[in-house]
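I have placed the structure first, in the form of structure tokens, so that the comments after it can refer back to it.
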Amino acid sequence: MGKSVEAATDPTQSDGAASEAEEIGDVRSLPSVSQLLAELGDATPQAVLVGAVRKALDDARRTVIAGGKVGRRAILDAARAAATDATSPWPRAVINATGVVLHTNLGRAVLSDDARAAMLEAAAYSDLEFDLGTGARGSRDSHTAELLTRIVGAEAAAVVNNNAGALALALAALARDRGVIVSRGQAVEIGGRLRIPDVMTQSGAVLREVGTTNRTYASDYADACNERTALLLRVHLSNFQMSGFVAQPSLEEMVEVAAAHGVAVLDDLGSGCLVDTETWGLRHEPTVQESVRSGADVVLFSGDKLLGGPQAGLIVGRSRYIQAIRRHPLARAFRCDKVTLAAMHATLLHYLCGEVEQIPTLRMLALPAAEIEARAAGWLRSLSLTGARLRPASSAVGGGSLPGSELSSTALVLRPEALNLTADSLAARLRAGRPPVVGRIEDGELWLDPRTVLPEQEEPLLHAVRAAAQADG
Ligand SMILES: *Cc1c(COP(=O)(O)O)cnc(C)c1O
């Protein structure tokens, strides 16, 4: 919905005086920036328009130098399109037909209707840091933190910008210049170059690796504890699995070792699962409640992974540690924005009120295979495209949650050759559609998985697929 650039009413009045249909085959015949600007009118900020015209002319120059011809109208259209693009809102809504529920490149968790409404309400003035009862100043995350403690059964909580921030802040507040003991199998990289040893160094904590890559015992932690030790850290492996000849003590065993040596246990859970994933036939994902019950002193997790809320880092645990984290001089640098807090609060209310089906991430994970198949079959019927068919597929949880867990699904598979296209060109057309559709390419075919397509997106999806299949060229 950018401001579209209107063509000047009468191009022959401009000093270019050339026909838009003119084909240009040499560089000296290309129009000047000012000629094109005059023809495009002034519906867009001039700086944007100048940039768009320069880019269109550069592209045209390259085409001509390479021996091609370019129409004056094509240059004007390219400039108009670039200007419209530059003034369009961003990010744009896309239809996620990849079947990856928590797709990091597509914005991870889809927020619930209540969370979206709460964000809008918070966008204006609100009682963010104001107690309406007393008129006194309040703390911005205390309402949400209290809600969280009630849900997971912890003493206290804090909400920060994301889980990477939660980890950095917790380490800085609880272990600066002191030892943090980590299993060699858990000194991992989470993705986006978030590396546990690096975060540790930057936070001023002293990493002490114990055990081996595949096997670590409770006694390894115990043997490494000394008077400089602050924490035992457990890190969820998130994006990968280790199997075979592996050993890792339970959280309870780590808590026991920590208690015997007067140190605390910090548990980086990653995903922040608050429900039992086994009810949907998935592997068991450790829940926050389990960590709290096992006696972890501080538990950290993301807001926008399995929890299904906005990007945030949630910290729960014993009051004295949470207080130390809240009072750290850098806490302010990690704090959440009001819109995020509103969305997080609304998402957590779904858990408190026992209405997790309101959370799109959980609803998508829970979709029965038969329902997905019926939707895919409906798409197939409605499109009736040559070469299209249904195939058994598997959706993924994504977002570093439950790696290797497969969700059975049914995909609508489009055969590009039947449409005189390649898989890449079909995918590109779908991405360029309105709305853009992102599928996945497998075995040279384009797969569309209904699991991650929201119900209200089905009609627009079918429309976009029809348009991509029919367009010429
Ligand atoms: C995802 C993850 C993080 C980072 O969380 P963000 O909220 O994305 O910053 C940290 N630790 C673990 C174990 C994770 O899985």
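Given the options Leu380, Leu390, Leu412, Leu426, name the one that is closer than 16 Å to Thr98 by Cα and assigned to a helix (DSSP H, G or I).
Criteria check complete, one pass: Leu426.
Considering only the range 252-274, state which residues are part of a strand (DSSP E or B) and more than 16 Å from the ligand (Cβ to nearest atom).
Ala264
Let me confirm something: among Thr216, Thr277, which residue is away from the ligand (no atom under 16 Å from the Cβ) and either surrounded by fewer than 13 Cβ atoms within 10 Å (Cβ to Cβ) or among the polar types (S, T, N, Q) (or both)?
After ruling out the rest, the residue left standing is Thr216.
So which residues in the range 363-377 are part of a helix (DSSP H, G or I) and either in contact (Cβ under 8 Å) with a residue 12 or more places away in the chain or open to solvent by less than 40 Å² (accessible area, probe 1.4 Å) (or both)?
Met364, Leu365, Ala366, Ala369, Ile372, Glu373, Arg375, Ala376, Ala377
The rows are residues; the columns are (1) in contact with a helix residue (DSSP H, G or I) (Cβ under 9 Å, 6 or more places away or on another chain); (2) within 22 Å of Phe240 (Cβ to Cβ); (3) not aliphatic (A, V, I, L, M).
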residue	(1), (2), (3)
Ala166	yes, yes, no
Ala173	yes, no, no
Arg178	no, no, yes
Gly185	no, yes, yes
Pro197	no, yes, yes
Thr201	no, no, yes
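Out of Ala468, Ala464, Ala396, which single residue is more than 16 Å from Ala377 (Cα to Cα) and either free of Cβ contacts under 8 Å to residues at least 60 places away in the same chain or part of a loop (DSSP other than H, G, I, E, B) (or both)? Break it down stepwise before answering.
On the way: Ala464 fails: either free of Cβ contacts under 8 Å to residues at least 60 places away in the same chain or part of a loop (DSSP other than H, G, I, E, B) (or both); Ala396 fails: either free of Cβ contacts under 8 Å to residues at least 60 places away in the same chain or part of a loop (DSSP other than H, G, I, E, B) (or both).
Going through Ala468, Ala464, Ala396 in turn, just one is more than 16 Å from Ala377 (Cα to Cα) and either free of Cβ contacts under 8 Å to residues at least 60 places away in the same chain or part of a loop (DSSP other than H, G, I, E, B) (or both): Ala468.
Working carefully through the options Arg332, Arg327, Arg320, find the one that is open to solvent by 40 Å² or more (accessible area, probe 1.4 Å) and more than 17 Å from Gly165 (Cα to Cα).
After applying the criteria, what remains is Arg320.
For Asn105, all conditions in the list (1) polar (S, T, N, Q); (2) closer than 30 Å to Gly354 by Cβ; (3) out of contact with any His (no Cβ under 7 Å at 6 or more places or on another chain); (4) assigned to a helix (DSSP H, G or I) hold save one; what is the number of the exception?
(2)
Using beta carbons and a limit of 8 Å, which pairs, at least six apart or on different chains, have the first residue in the range 279-290 and within 15 Å of Gly404 (Cβ to Cβ) and the second one among the charged types (D, E, K, R) and in a loop (DSSP other than H, G, I, E, B)?
Short answer, once both residue conditions are applied: His284/Asp276.
If you take the residues in the range 219-247 that are of a type outside the set (A, V, I, L, M) and under 30 Å from the mean Cα position of the chain (by Cα), which one is farthest from the ligand (Cβ to nearest atom)?
Ser243
With Ala164, Ala172, Ala122, Ala168 as the choices, which residue is within 20 Å of Ile325 (Cα to Cα), more than 12 Å from the ligand (Cβ to nearest atom) and crowded, with 18+ Cβ neighbours inside 10 Å? Break it down stepwise before answering.
Details: Ala164 fails: more than 12 Å from the ligand (Cβ to nearest atom); Ala122 fails: within 20 Å of Ile325 (Cα to Cα); Ala168 fails: more than 12 Å from the ligand (Cβ to nearest atom).
When all the criteria are applied, what remains is Ala172.
Quickly run through the range 313-352 and pick out the residues that are over 17 Å from Asp267 (Cβ atoms), within 16 Å of the ligand (Cβ to nearest atom) and of a type in the set (Gly, Ala, Ser).
Ala333, Ala343
Here's the yes/no breakdown for (1) touching a residue at least 24 places away in the same chain (Cβ under 8 Å); (2) more than 23 Å from Pro286 (Cα to Cα); (3) more than 16 Å from the ligand (Cβ to nearest atom); (4) open to solvent by less than 20 Å² (accessible area, probe 1.4 Å):
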| site | (1), (2), (3), (4) |
| --- | --- |
| Ile181 | yes, no, yes, yes |
| Ile196 | yes, no, no, yes |
| Met200 | yes, yes, no, yes |
| Val206 | yes, yes, yes, no |
| Ser250 | yes, no, yes, no |
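I'm trying to understand the selection: among the residues of the range 125-161, which are among the charged types (D, E, K, R), open to solvent by 60 Å² or more (accessible area, probe 1.4 Å) and farther than 17 Å from Leu349 by Cα?
Result: Asp127, Asp131, Arg137, Glu155.
Thr84 passes all but one of (1) open to solvent by less than 30 Å² (accessible area, probe 1.4 Å); (2) on the phi < 0 side of the Ramachandran plot; (3) in contact with a helix residue (DSSP H, G or I) (Cβ under 9 Å, 6 or more places away or on another chain); (4) away from the ligand (no atom under 16 Å from the Cβ); which number fails?
Among (1) open to solvent by less than 30 Å² (accessible area, probe 1.4 Å); (2) on the phi < 0 side of the Ramachandran plot; (3) in contact with a helix residue (DSSP H, G or I) (Cβ under 9 Å, 6 or more places away or on another chain); (4) away from the ligand (no atom under 16 Å from the Cβ), the lone unmet condition for Thr84 is (1).
Just to be sure I understand the filter: pairs with C-beta atoms under 7 Å, separated by 6 or more residues or on different chains, first member in the range 36-48 and at negative phi, second member of a type in the set (Asp, Glu) and open to solvent by 10 Å² or more (accessible area, probe 1.4 Å). Which pairs pass?
Sorted first by the residue in the range 36-48, then by its partner, the pairs are Ala38/Asp15; Ala43/Glu6.
The values are calculated or read from the model by the stated rules, or taken from the named source; none is laboratory data. Remember, it's a predicted structure, so these values are computed and weren't measured experimentally. Ideal geometry is used to build each Cβ from the backbone, glycine not excepted, and the neighbour counts take in all protein chains shown. Accessible surface areas use protein heavy atoms only, side chains included; no ligands, DNA or RNA. Shrake-Rupley method; radii C 1.70, N 1.55, O 1.52, S 1.80 Å.
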